[in-house]
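Notes to accompany the following structure.
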Ligand SMILES: NC(=O)c1ccc[n+]([C@@H]2O[C@H](COP(=O)([O-])OP(=O)(O)OC[C@H]3O[C@@H](n4cnc5c(N)ncnc54)[C@H](O)[C@@H]3O)[C@@H](O)[C@H]2O)c1
(Lines give C-alpha, C1' and ligand atoms only; values in the text may rest on other atoms or scores of the structure.)
Protein backbone atom coordinates (compact mmCIF):
# COMPACT_ATOMS: atom_id res chain seq x y z
CA UNK A 1 0.00 0.00 0.00
CA UNK A 2 1.21 3.50 -0.82
CA UNK A 3 2.55 5.38 2.20
CA UNK A 4 2.52 9.09 2.91
CA UNK A 5 5.97 10.61 2.34
CA UNK A 6 6.33 12.86 5.35
CA UNK A 7 8.81 15.52 6.42
CA UNK A 8 9.01 17.04 9.89
CA UNK A 9 10.18 20.56 10.70
CA UNK A 10 11.68 20.67 14.20
CA UNK A 11 13.71 17.92 15.87
CA UNK A 12 13.16 19.01 19.47
CA UNK A 13 11.36 17.45 22.42
CA UNK A 14 8.14 16.79 20.58
CA UNK A 15 9.51 16.37 17.06
CA UNK A 16 11.83 13.62 18.27
CA UNK A 17 8.85 11.74 19.71
CA UNK A 18 7.21 11.67 16.27
CA UNK A 19 10.49 10.56 14.70
CA UNK A 20 10.67 7.65 17.09
CA UNK A 21 7.01 6.76 16.59
CA UNK A 22 7.49 6.53 12.85
CA UNK A 23 10.85 4.75 12.89
CA UNK A 24 10.44 2.46 15.86
CA UNK A 25 6.79 1.45 16.12
CA UNK A 26 4.04 0.28 13.81
CA UNK A 27 1.56 2.81 15.18
CA UNK A 28 1.48 4.87 11.98
CA UNK A 29 1.82 2.29 9.25
CA UNK A 30 0.88 4.67 6.45
CA UNK A 31 3.63 7.14 7.29
CA UNK A 32 7.04 7.02 5.69
CA UNK A 33 9.30 9.51 7.41
CA UNK A 34 11.58 10.57 4.57
CA UNK A 35 12.94 13.95 5.68
CA UNK A 36 13.59 16.12 8.69
CA UNK A 37 14.50 19.82 8.89
CA UNK A 38 16.20 21.28 11.95
CA UNK A 39 18.00 24.60 11.97
CA UNK A 40 20.16 23.92 15.02
CA UNK A 41 23.48 22.30 14.08
CA UNK A 42 23.95 20.42 17.37
CA UNK A 43 20.54 18.82 17.05
CA UNK A 44 21.05 18.16 13.37
CA UNK A 45 24.39 16.46 14.11
CA UNK A 46 22.64 14.28 16.66
CA UNK A 47 20.06 13.35 14.03
CA UNK A 48 22.82 12.67 11.48
CA UNK A 49 24.44 10.25 13.89
CA UNK A 50 21.29 8.41 14.94
CA UNK A 51 18.73 8.54 12.14
CA UNK A 52 19.43 6.39 9.15
CA UNK A 53 17.43 6.62 5.96
CA UNK A 54 15.97 10.04 6.76
CA UNK A 55 17.18 12.94 4.58
CA UNK A 56 18.26 15.84 6.80
CA UNK A 57 18.02 19.55 6.06
CA UNK A 58 19.22 22.58 7.99
CA UNK A 59 16.77 24.74 6.07
CA UNK A 60 13.08 23.79 6.09
CA UNK A 61 12.40 25.56 2.80
CA UNK A 62 14.99 23.35 1.08
CA UNK A 63 13.16 20.33 2.43
CA UNK A 64 9.86 21.68 1.08
CA UNK A 65 11.50 22.29 -2.32
CA UNK A 66 13.23 18.89 -2.41
CA UNK A 67 10.31 17.05 -4.00
CA UNK A 68 10.83 14.30 -1.42
CA UNK A 69 7.73 14.95 0.67
CA UNK A 70 3.97 15.05 0.11
CA UNK A 71 3.12 16.15 3.63
CA UNK A 72 4.78 18.09 6.41
CA UNK A 73 4.42 18.11 10.17
CA UNK A 74 5.23 21.48 11.74
CA UNK A 75 6.76 21.02 15.20
CA UNK A 76 8.63 24.30 15.77
CA UNK A 77 7.98 27.18 18.23
CA UNK A 78 4.56 28.80 17.94
CA UNK A 79 5.34 32.00 16.07
CA UNK A 80 6.77 30.05 13.09
CA UNK A 81 3.78 27.75 12.57
CA UNK A 82 1.88 29.94 10.12
CA UNK A 83 4.95 30.86 8.05
CA UNK A 84 5.80 27.23 7.31
CA UNK A 85 2.16 26.26 6.84
CA UNK A 86 1.80 28.88 4.09
CA UNK A 87 5.09 27.79 2.48
CA UNK A 88 3.69 24.24 2.37
CA UNK A 89 0.35 25.40 0.87
CA UNK A 90 2.21 27.21 -1.93
CA UNK A 91 4.00 23.98 -2.85
CA UNK A 92 0.91 21.77 -2.63
CA UNK A 93 2.31 20.03 0.47
CA UNK A 94 -0.28 18.80 2.98
CA UNK A 95 0.14 20.16 6.50
CA UNK A 96 -0.32 18.79 9.99
CA UNK A 97 0.48 21.65 12.35
CA UNK A 98 1.03 21.55 16.09
CA UNK A 99 -1.24 23.42 18.44
CA UNK A 100 -1.62 26.35 18.87
CA UNK A 101 -1.97 27.05 15.14
CA UNK A 102 -0.78 30.58 15.98
CA UNK A 103 -0.59 32.57 19.20
CA UNK A 104 -3.00 35.32 18.03
CA UNK A 105 -6.55 34.53 16.85
CA UNK A 106 -6.18 37.23 14.17
CA UNK A 107 -3.20 35.29 12.74
CA UNK A 108 -5.15 32.03 12.82
CA UNK A 109 -7.93 33.64 10.78
CA UNK A 110 -5.38 34.94 8.26
CA UNK A 111 -3.86 31.46 7.98
CA UNK A 112 -7.23 29.75 7.53
CA UNK A 113 -8.20 32.28 4.86
CA UNK A 114 -4.91 31.69 3.06
CA UNK A 115 -5.59 27.97 3.10
CA UNK A 116 -8.92 28.52 1.32
CA UNK A 117 -6.89 29.31 -1.83
CA UNK A 118 -5.46 25.78 -1.79
CA UNK A 119 -8.46 23.49 -1.84
CA UNK A 120 -6.41 20.36 -2.58
CA UNK A 121 -4.10 20.81 0.37
CA UNK A 122 -5.17 18.89 3.47
CA UNK A 123 -4.61 21.04 6.56
CA UNK A 124 -4.95 19.51 10.01
CA UNK A 125 -4.12 20.55 13.55
CA UNK A 126 -2.69 18.36 16.30
CA UNK A 127 -5.49 18.41 18.89
CA UNK A 128 -4.57 14.96 20.15
CA UNK A 129 -6.80 15.05 23.25
CA UNK A 130 -9.87 14.99 21.01
CA UNK A 131 -9.00 11.37 20.19
CA UNK A 132 -9.34 10.33 23.84
CA UNK A 133 -12.34 7.95 24.11
CA UNK A 134 -13.03 9.40 27.57
CA UNK A 135 -13.88 12.83 26.15
CA UNK A 136 -15.62 11.35 23.10
CA UNK A 137 -17.99 9.50 25.47
CA UNK A 138 -18.46 12.60 27.60
CA UNK A 139 -19.30 14.69 24.54
CA UNK A 140 -21.93 12.16 23.55
CA UNK A 141 -23.56 12.44 27.02
CA UNK A 142 -23.51 16.23 26.89
CA UNK A 143 -24.68 16.59 23.28
CA UNK A 144 -27.54 14.14 23.88
CA UNK A 145 -28.43 15.99 27.11
CA UNK A 146 -28.56 12.57 28.77
CA UNK A 147 -28.46 14.25 32.19
CA UNK A 148 -30.03 17.57 31.16
CA UNK A 149 -28.48 20.98 30.64
CA UNK A 150 -24.98 21.84 31.86
CA UNK A 151 -25.17 24.37 34.71
CA UNK A 152 -21.74 24.50 36.34
CA UNK A 153 -18.30 23.30 35.28
CA UNK A 154 -15.19 22.90 37.36
CA UNK A 155 -11.97 21.71 35.72
CA UNK A 156 -8.84 21.29 37.79
CA UNK A 157 -5.95 20.38 35.54
CA UNK A 158 -2.90 20.79 37.70
CA UNK A 159 -0.97 17.79 36.43
CA UNK A 160 0.90 19.73 33.74
CA UNK A 161 3.92 19.68 36.06
CA UNK A 162 7.15 20.83 34.43
CA UNK A 163 10.59 21.05 36.06
CA UNK A 164 12.90 24.06 35.85
CA UNK A 165 15.09 21.96 33.54
CA UNK A 166 12.24 21.83 31.03
CA UNK A 167 12.54 25.61 30.75
CA UNK A 168 16.31 25.91 31.15
CA UNK A 169 16.99 23.55 28.26
CA UNK A 170 14.72 25.54 25.94
CA UNK A 171 15.54 28.86 24.30
CA UNK A 172 11.86 29.79 23.93
CA UNK A 173 9.56 28.05 26.42
CA UNK A 174 8.38 30.36 29.20
CA UNK A 175 9.41 33.51 27.29
CA UNK A 176 7.01 36.07 25.81
CA UNK A 177 9.20 36.52 22.75
CA UNK A 178 9.37 32.82 21.87
CA UNK A 179 6.21 31.26 23.23
CA UNK A 180 3.79 34.18 23.50
CA UNK A 181 2.70 32.94 26.91
CA UNK A 182 3.29 29.89 29.07
CA UNK A 183 1.05 27.28 30.63
CA UNK A 184 -2.16 28.45 28.95
CA UNK A 185 -0.97 28.89 25.36
CA UNK A 186 1.15 25.72 25.49
CA UNK A 187 -0.22 23.08 27.86
CA UNK A 188 -3.68 24.04 29.16
CA UNK A 189 -4.79 24.98 25.64
CA UNK A 190 -5.48 21.26 25.20
CA UNK A 191 -8.17 21.37 27.90
CA UNK A 192 -9.40 24.80 26.80
CA UNK A 193 -9.99 23.24 23.40
CA UNK A 194 -11.87 20.35 24.99
CA UNK A 195 -13.81 22.84 27.12
CA UNK A 196 -15.10 24.77 24.10
CA UNK A 197 -15.64 21.52 22.17
CA UNK A 198 -17.78 20.07 24.99
CA UNK A 199 -19.55 23.17 26.28
CA UNK A 200 -19.21 25.83 23.54
CA UNK A 201 -17.55 29.22 23.78
CA UNK A 202 -18.21 31.21 26.95
CA UNK A 203 -19.35 34.81 26.80
CA UNK A 204 -16.98 36.24 29.44
CA UNK A 205 -13.80 35.33 31.28
CA UNK A 206 -12.02 36.67 34.33
CA UNK A 207 -8.44 35.54 34.91
CA UNK A 208 -5.89 35.59 37.69
CA UNK A 209 -2.48 34.35 36.54
CA UNK A 210 0.65 33.77 38.58
CA UNK A 211 3.72 34.69 36.52
CA UNK A 212 6.91 32.77 37.27
CA UNK A 213 5.60 31.57 40.63
CA UNK A 214 7.25 28.17 40.85
CA UNK A 215 9.73 28.58 38.00
CA UNK A 216 12.28 31.11 36.92
CA UNK A 217 10.31 32.12 33.80
CA UNK A 218 8.69 35.28 32.43
CA UNK A 219 5.27 33.82 31.68
CA UNK A 220 2.48 32.25 33.74
CA UNK A 221 2.93 28.88 35.42
CA UNK A 222 -0.38 28.87 37.30
CA UNK A 223 -3.76 30.39 36.72
CA UNK A 224 -7.43 30.44 37.68
CA UNK A 225 -10.09 31.43 35.18
CA UNK A 226 -13.77 32.12 35.81
CA UNK A 227 -15.87 31.51 32.67
CA UNK A 228 -19.48 32.55 32.17
CA UNK A 229 -22.06 31.74 29.48
CA UNK A 230 -24.86 33.83 28.08
CA UNK A 231 -27.42 31.42 29.61
CA UNK A 232 -25.92 31.80 33.08
CA UNK A 233 -23.87 28.61 33.09
CA UNK A 234 -20.59 29.28 34.85
CA UNK A 235 -17.35 27.47 35.46
CA UNK A 236 -13.87 27.58 36.88
CA UNK A 237 -10.70 26.37 35.22
CA UNK A 238 -7.61 25.91 37.40
CA UNK A 239 -4.25 24.91 35.99
CA UNK A 240 -0.57 24.81 36.90
CA UNK A 241 2.82 23.60 35.71
CA UNK A 242 4.37 24.31 39.10
CA UNK A 243 2.27 22.19 41.48
CA UNK A 244 3.34 18.75 42.58
CA UNK A 245 0.83 15.93 43.03
CA UNK A 246 -1.45 17.64 40.53
CA UNK A 247 -4.51 16.02 39.01
CA UNK A 248 -6.92 16.25 36.12
CA UNK A 249 -10.49 16.31 37.39
CA UNK A 250 -13.47 17.66 35.51
CA UNK A 251 -16.80 18.03 37.32
CA UNK A 252 -19.96 19.01 35.54
CA UNK A 253 -23.21 19.84 37.27
CA UNK A 254 -26.31 19.44 35.12
CA UNK A 255 -30.02 19.76 35.96
CA UNK A 256 -30.08 16.22 37.20
CA UNK A 257 -26.59 15.08 37.97
CA UNK A 258 -22.98 15.63 38.83
CA UNK A 259 -20.65 14.08 36.27
CA UNK A 260 -17.09 13.53 37.50
CA UNK A 261 -14.39 12.72 34.99
CA UNK A 262 -11.01 11.51 36.10
CA UNK A 263 -8.41 9.14 34.64
CA UNK A 264 -10.42 6.60 32.62
CA UNK A 265 -13.76 6.90 34.45
CA UNK A 266 -16.92 8.91 34.20
CA UNK A 267 -18.89 8.77 37.44
CA UNK A 268 -22.45 10.01 37.33
CA UNK A 269 -24.38 10.86 40.47
CA UNK A 270 -27.94 11.30 39.30
CA UNK A 271 -31.01 12.27 41.34
CA UNK A 272 -33.81 9.72 41.39
CA UNK A 273 -36.64 11.82 42.78
CA UNK A 274 -38.36 14.90 41.49
CA UNK A 275 -36.65 18.00 42.86
CA UNK A 276 -39.87 19.98 42.44
CA UNK A 277 -41.65 17.83 45.06
CA UNK A 278 -38.70 18.21 47.35
CA UNK A 279 -38.50 21.97 46.92
CA UNK A 280 -42.03 22.40 48.27
CA UNK A 281 -41.72 19.97 51.19
CA UNK A 282 -40.87 21.97 54.36
CA UNK A 283 -39.95 18.75 56.22
CA UNK A 284 -37.06 18.14 53.86
CA UNK A 285 -35.43 21.54 53.99
CA UNK A 286 -32.01 20.14 54.80
CA UNK A 287 -32.28 16.84 52.96
CA UNK A 288 -30.45 16.25 49.74
CA UNK A 289 -32.38 14.55 46.94
CA UNK A 290 -31.87 10.80 46.65
CA UNK A 291 -29.34 9.83 44.06
CA UNK A 292 -27.82 6.82 42.37
CA UNK A 293 -24.30 6.38 41.08
CA UNK A 294 -23.36 5.03 37.67
CA UNK A 295 -19.78 4.39 36.66
CA UNK A 296 -18.66 4.30 33.06
CA UNK A 297 -15.22 2.71 32.70
CA UNK A 298 -13.43 3.61 29.50
CA UNK A 299 -11.51 0.61 28.27
CA UNK A 300 -10.95 1.67 24.69
CA UNK A 301 -7.38 2.57 23.69
CA UNK A 302 -6.53 6.27 23.45
CA UNK A 303 -4.68 6.65 20.13
CA UNK A 304 -3.40 10.13 21.11
CA UNK A 305 -1.11 11.87 18.59
CA UNK A 306 -0.84 8.74 16.47
CA UNK A 307 -4.63 8.77 16.05
CA UNK A 308 -4.50 12.30 14.64
CA UNK A 309 -1.58 11.39 12.36
CA UNK A 310 -3.41 8.29 11.06
CA UNK A 311 -6.57 10.31 10.34
CA UNK A 312 -4.42 12.86 8.51
CA UNK A 313 -2.72 10.14 6.43
CA UNK A 314 -6.12 8.62 5.64
CA UNK A 315 -7.41 12.00 4.47
CA UNK A 316 -4.45 12.51 2.14
CA UNK A 317 -3.98 8.96 0.84
CA UNK A 318 -7.59 7.79 0.72
CA UNK A 319 -9.37 11.13 0.27
CA UNK A 320 -11.33 10.53 3.49
CA UNK A 321 -12.78 13.58 5.22
CA UNK A 322 -10.22 14.93 7.68
CA UNK A 323 -11.50 14.44 11.23
CA UNK A 324 -9.75 17.37 12.94
CA UNK A 325 -9.51 20.13 10.36
CA UNK A 326 -7.32 23.19 10.99
CA UNK A 327 -10.48 25.29 11.53
CA UNK A 328 -10.96 23.32 14.76
CA UNK A 329 -7.84 25.02 16.10
CA UNK A 330 -9.38 28.50 16.07
CA UNK A 331 -11.63 28.62 19.15
CA UNK A 332 -9.02 27.50 21.66
CA UNK A 333 -6.71 30.31 20.52
CA UNK A 334 -9.54 32.88 20.62
CA UNK A 335 -10.45 31.70 24.14
CA UNK A 336 -6.81 31.80 25.20
CA UNK A 337 -6.39 35.36 23.88
CA UNK A 338 -9.38 36.52 25.97
CA UNK A 339 -8.00 34.73 29.05
CA UNK A 340 -4.59 36.42 28.66
CA UNK A 341 -6.12 39.83 27.99
CA UNK A 342 -8.15 39.50 31.18
CA UNK A 343 -4.96 38.85 33.11
CA UNK A 344 -3.04 41.64 31.33
CA UNK A 345 -5.76 44.22 32.11
CA UNK A 346 -6.91 42.64 35.35
CA UNK A 347 -10.56 42.81 34.36
CA UNK A 348 -13.41 40.73 32.99
CA UNK A 349 -13.26 40.29 29.21
CA UNK A 350 -16.13 39.63 26.80
CA UNK A 351 -15.51 37.12 24.00
CA UNK A 352 -14.52 37.73 21.25
CA UNK A 353 -11.98 39.96 22.94
CA UNK A 354 -10.57 43.19 21.53
CA UNK A 355 -7.91 41.51 19.37
CA UNK A 356 -6.07 44.71 18.54
CA UNK A 357 -5.66 45.39 22.23
CA UNK A 358 -4.58 41.80 22.95
CA UNK A 359 -2.02 41.91 20.11
CA UNK A 360 -0.70 45.26 21.39
CA UNK A 361 -0.43 44.06 25.00
CA UNK A 362 1.33 40.87 23.90
CA UNK A 363 3.78 42.77 21.68
CA UNK A 364 4.63 45.07 24.63
CA UNK A 365 5.62 42.00 26.63
CA UNK A 366 7.51 40.47 23.70
CA UNK A 367 9.56 43.68 23.27
CA UNK A 368 10.95 43.35 26.77
CA UNK A 369 11.50 39.61 26.59
CA UNK A 370 14.60 37.56 25.73
CA UNK A 371 15.34 34.15 24.32
CA UNK A 372 17.46 31.90 26.54
CA UNK A 373 20.39 31.96 24.12
CA UNK A 374 22.52 29.57 26.17
CA UNK A 375 19.94 26.83 25.70
CA UNK A 376 19.99 26.86 21.90
CA UNK A 377 22.41 23.95 21.60
CA UNK A 378 20.97 21.86 24.39
CA UNK A 379 20.25 18.24 23.55
CA UNK A 380 18.45 17.45 26.80
CA UNK A 381 15.00 17.75 25.28
CA UNK A 382 15.73 15.17 22.61
CA UNK A 383 17.57 12.93 25.05
CA UNK A 384 14.69 13.07 27.51
CA UNK A 385 12.28 11.87 24.86
CA UNK A 386 14.75 9.10 24.05
CA UNK A 387 15.02 8.15 27.70
CA UNK A 388 11.23 7.95 27.87
CA UNK A 389 11.48 5.22 25.25
CA UNK A 390 10.40 2.36 27.41
CA UNK A 391 7.26 4.08 28.72
CA UNK A 392 6.32 5.14 25.23
CA UNK A 393 6.68 1.64 23.85
CA UNK A 394 9.56 2.38 21.50
CA UNK A 395 11.66 -0.53 20.40
CA UNK A 396 14.93 1.39 20.69
CA UNK A 397 15.66 0.42 17.12
CA UNK A 398 17.47 3.67 16.43
CA UNK A 399 19.07 4.91 19.60
CA UNK A 400 22.47 5.71 20.95
N1 LIG B 1 0.42 18.23 20.76
C2 LIG B 1 1.17 18.06 21.83
O3 LIG B 1 0.83 17.28 22.72
C4 LIG B 1 2.47 18.81 21.96
C5 LIG B 1 3.40 18.43 22.94
C6 LIG B 1 4.62 19.14 23.01
C7 LIG B 1 4.86 20.19 22.11
N8 LIG B 1 3.92 20.53 21.19
C9 LIG B 1 4.17 21.62 20.23
O10 LIG B 1 5.29 21.27 19.44
C11 LIG B 1 6.01 22.44 19.08
C12 LIG B 1 7.49 22.27 19.48
O13 LIG B 1 7.58 22.14 20.88
P14 LIG B 1 8.85 21.43 21.57
O15 LIG B 1 8.55 21.38 23.01
O16 LIG B 1 9.19 20.20 20.83
O17 LIG B 1 9.98 22.53 21.33
P18 LIG B 1 11.55 22.29 21.18
O19 LIG B 1 12.22 23.59 21.36
O20 LIG B 1 11.97 21.16 22.03
O21 LIG B 1 11.69 21.84 19.65
C22 LIG B 1 11.53 22.74 18.58
C23 LIG B 1 12.64 22.44 17.57
O24 LIG B 1 12.42 23.21 16.40
C25 LIG B 1 13.68 23.70 15.95
N26 LIG B 1 13.43 24.85 15.09
C27 LIG B 1 13.07 26.08 15.46
N28 LIG B 1 12.89 26.87 14.39
C29 LIG B 1 13.16 26.09 13.31
C30 LIG B 1 13.18 26.33 11.91
N31 LIG B 1 12.87 27.53 11.43
N32 LIG B 1 13.51 25.33 11.09
C33 LIG B 1 13.85 24.11 11.58
N34 LIG B 1 13.86 23.82 12.89
C35 LIG B 1 13.52 24.81 13.75
C36 LIG B 1 14.42 24.02 17.22
O37 LIG B 1 15.81 24.13 17.04
C38 LIG B 1 14.03 22.84 18.10
O39 LIG B 1 14.91 21.76 17.95
C40 LIG B 1 5.30 23.59 19.77
O41 LIG B 1 4.39 24.15 18.88
C42 LIG B 1 4.54 22.93 20.91
O43 LIG B 1 3.40 23.64 21.30
C44 LIG B 1 2.75 19.85 21.10
Checklist line | Number of the condition not met by residue 133 [criteria: (1) surrounded by fewer than 19 Cβ atoms within 10 Å (Cβ to Cβ); (2) touching a strand residue (DSSP E or B) at 6+ places or on another chain (Cβ under 9 Å)] | finding: (2)
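Each row is one residue, and each column tells you yes or no for (1) within 13 Å of residue 215 (Cα to Cα); (2) at pLDDT below 95; (3) surrounded by 22 or more Cβ atoms within 10 Å (Cβ to Cβ).
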{"residue": "174", "(1), (2), (3)": "yes, no, yes"}
{"residue": "187", "(1), (2), (3)": "no, no, no"}
{"residue": "193", "(1), (2), (3)": "no, no, yes"}
{"residue": "201", "(1), (2), (3)": "no, no, no"}
Next item on the list: For residue 310, indicate whether it is surrounded by 14 or more Cβ atoms within 10 Å (Cβ to Cβ), modelled with pLDDT of 95 or more and not assigned by TED's automatic domain parsing to the domain that holds residue 72.
Entry: no
Note to self: Suppose we filter 123, 184 for residues that are under 23 Å from residue 310 (Cβ atoms) and within 17 Å of the chain's Cα centre (by Cα); which single one remains?
What the structure shows: 123
Next item on the list: Would you mind stating whether residue 120 is closer than 23 Å to residue 23 by Cα and either in contact with a strand residue (DSSP E or B) (Cβ under 6 Å, 6 or more places away or on another chain) or touching a residue at least 12 places away in the same chain (Cβ under 8 Å) (or both)?
Entry: no
Check: For the range 29-47, does any single residue satisfy the condition of being within 23 Å of residue 129 (Cβ to Cβ) and surrounded by 17 or more Cβ atoms within 10 Å (Cβ to Cβ)?
Finding: yes
Check: So which helices (runs of 4 or more DSSP H) are wholly in the range 114-200 and hold at least 3 residues that are more than 16 Å from the ligand (Cβ to nearest atom) and outside the structural domain of residue 317 (by TED's automatic domain parsing)?
Finding: 133-143, 189-199
Notebook entry, point to check: Considering the range 313-333 alone, what residues qualify as being part of a loop (DSSP other than H, G, I, E, B) and surrounded by fewer than 19 Cβ atoms within 10 Å (Cβ to Cβ)?
Noted result: 319, 320, 321, 323
Note to self: With the structure loaded, tell me whether residue 60 is surrounded by fewer than 23 Cβ atoms within 10 Å (Cβ to Cβ), without any contact (Cβ under 8 Å) to a residue 60 or more places away in the chain and touching a strand residue (DSSP E or B) at 6+ places or on another chain (Cβ under 6 Å) or whether it fails that test.
What the structure shows: no
Item checked: Top-ranked residue of the range 3-21 - restricted to ones that are in a loop (DSSP other than H, G, I, E, B) and closer than 17 Å to residue 40 by Cβ, ranked as farthest from the ligand (Cβ to nearest atom) -> 11
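The values are calculated or read from the model by the stated rules, or taken from the named source; none is laboratory data. Because the structure is a prediction, the values reported are computed rather than measured. All Cβ positions, even for glycine, are placed from backbone atoms using ideal geometry, and neighbour counts span all protein chains on display.
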